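The values are calculated or read from the model by the stated rules, or taken from the named source; none is laboratory data. Given the structure is predicted, the values throughout are model-derived calculations rather than measurements. When we count neighbours, we look across all protein chains shown, and the Cβ atoms used for this are built from the backbone with ideal geometry, even at glycine.
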Amino acid sequence: MAKARVLFSNKGYGKTSIKDIARACGCEASNIYNYFVSKESLLYEILREEMDWLVSSIQDLEADDITSPVEALRLLVNNHVKLTLSYRRLSRLLFDDELRSLLPAHRKEIIAYRDHYDRILRKIIRRGINAGDFAEVDEKLIGYSIASMIVRTRVWFRPRGRLSTKEIADIIFKFILNGLRSDRSLQNQTTSPNMI
C-alpha cells in the first residue's frame, strides 16, 4: 500500500499499473492480486485506511460535552495535521484527485467517512459558538476551510524543513482560533490577569 500510495501520487492512478506496483515491491503482479482483487480495491484501501485513522482519532470528540470547544478544536487540528504530515503525506492529494476512480459503493463509503469528520468538526464549532468562545459563523463553510487548510500542508511541507509537524499544528490552530474568536472571548482574554 505504501508503494502504491507513492506511485499513485507521482504518476497518477490512471497511469499506474499493477505491474508498476509489483515492480516497486520486488514481486510479480500475481502476488499483488493475492491481497487486492484490483487496482481500484488497492486505492480504496489506501483511502479507507487514511479516513478511518483520521475519524477514529477524533471520534470521541463527537459526544464529548465536557472538553472545552477550544481544546476539542486543538485536539482535532493536531490529529489531522499529524495524519496529514505523516508517512501518508506521500499520497499528496489522492483523496481529492482520485475519489472519482473508485467504484460507486467504495466512493460512497469514503464520502461517509469524510461526512463524519465534517460533522464532528461542525459540532465543535457550534459548541464554541454556543459557549461564546467563537463568533457566530457558518460552521459548514468554516469547517471546509479548516480541513482544506490542513490538507494543503501536504503540498508544501518538507520533513527536514524549519518547522516540525507539532509546530505547524500549533500555528494552524492559533490561526484558526484567532479567526473564530468572538468579541466576548476577546474581551475576556484582554481583561484576564494572566494576559498582562
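Take Glu98 and decide whether it is surrounded by fewer than 16 Cβ atoms within 10 Å (Cβ to Cβ), modelled with pLDDT under 95, among the charged types (D, E, K, R) and under 18 Å from the mean Cα position of the chain (by Cα). Criteria not met by Glu98.
For Leu47, state whether it is closer than 21 Å to Ser148 by Cα, modelled with pLDDT of 95 or more and not charged (D, E, K, R). For Leu47, the condition - closer than 21 Å to Ser148 by Cα, modelled with pLDDT of 95 or more and not charged (D, E, K, R) - is not met. I'd like to verify a number: residues in the stretch 9-65 that are in a helix (DSSP H, G or I), within 22 Å of Ser86 (Cβ to Cβ) and hydroxyl-bearing (Ser, Thr, Tyr), how many? Adding up the residues that qualify gives 4. Val151 falls short on exactly one of the conditions (1) modelled with pLDDT of 95 or more; (2) surrounded by 15 or more Cβ atoms within 10 Å (Cβ to Cβ); (3) more than 22 Å from Asp65 (Cα to Cα); (4) of a type in the set (A, V, I, L, M), and that condition is (1). Selection over the stretch 1-44 of residues that are crowded, with 16+ Cβ neighbours inside 10 Å and acidic (Asp, Glu) gives a count of 1. Here Ser164 does not qualify as surrounded by 12 or more Cβ atoms within 10 Å (Cβ to Cβ), without any contact (Cβ under 8 Å) to a residue 60 or more places away in the chain, among the polar types (S, T, N, Q) and over 19 Å from Glu49 (Cβ atoms).
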